[in-house]
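The values are calculated or read from the model by the stated rules, or taken from the named source; none is laboratory data. Quick caveat: nothing in here was measured; it's all calculated off a predicted structure. Here Cβ is always computed from backbone atoms with ideal geometry, including for glycine, and neighbour counts include all displayed protein chains.
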Amino acid sequence: MNSLNKTFLPTQSYKNRNWFIIDCKDQKLGRIATVIATLLKGKVKPYYFPSIDTGDYVILINAESILINENATHHIVNKPGRPGSALKIRNVSDCLPKFTIERAVKGMLTQSEKKRVMRRLRIFNDENHTHVAQNPIKVNVSNFYKDSTINAKIVEVLN
């Protein structure tokens, strides 16, 4: 039988996870959240299959300098309680940057993916991070979908 007719499906024990690093300096929250969700799910890999978790680890640095639209009023309501009682309402831009980024990425994941995929997201407020030993691949967010070097590095790691 010809090997080109066989479909490769990675098993659950097939763990070939890469580490990516993204610099959030002067980047928009929505643009970064879509790139993070894509990398966490593993959609950039050539052997991506929706029912099998082949996602990667993502490291975010400079999370405090992320751009959030200050004019848009997005509020978070905590413990609404009874009608007419005092509500805890916070503006999204007043929250911690880690909480804001996690909330944006969780909104782009399915209910079953949220818990297991969010464990692979590491957020740091400055340039220092503790994952230097993993040799993370630098990702340019501005031309992420046009850049083919990420796919080339993933295929290179496979071979």
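Of Thr100, Thr110, all but one fail to be modelled with pLDDT of 70 or more, under 20 Å from Asn125 (Cα atoms) and either touching a helix residue (DSSP H, G or I) at 6+ places or on another chain (Cβ under 7 Å) or loosely packed, with under 13 Cβ neighbours inside 10 Å (or both); the exception is Thr100.
When the range 104-135 is filtered for residues that are among the hydrophobic types (A, V, I, L, M, F, W, C), closer than 24 Å to Asp26 by Cα, in a helix (DSSP H, G or I) and under 11 Å from the mean Cα position of the chain (by Cα), the ones remaining, listed by number, are Ala104, Val105, Met118. Candidates in the range 27-64 are the residues that are in contact with a Pro (Cβ under 6 Å, 6 or more places away or on another chain) and farther than 16 Å from Lys98 by Cβ; of these, the one that is surrounded by the fewest Cβ atoms within 10 Å (Cβ to Cβ) is Ile52. Beta carbons closer than 7 Å, at least 6 apart along the sequence or on distinct chains, pair a first residue in the range 53-64 that is in a loop (DSSP other than H, G, I, E, B) with a second that is polar (S, T, N, Q) for Asp56/Asn18. Scanning the range 8-26 for residues that are at pLDDT 75 or above and among the β-branched types (Val, Ile, Thr), which turns out surrounded by the most Cβ atoms within 10 Å (Cβ to Cβ)? Selected residue: Ile22.
Considering the conditions (1) in contact with a strand residue (DSSP E or B) (Cβ under 8 Å, 6 or more places away or on another chain); (2) in a loop (DSSP other than H, G, I, E, B); (3) at pLDDT 85 or above, Thr73 is excluded by exactly one of them, (3).
Would you mind stating whether Lys146 is at pLDDT below 90, not in a loop (DSSP other than H, G, I, E, B) and not aliphatic (A, V, I, L, M)?
no
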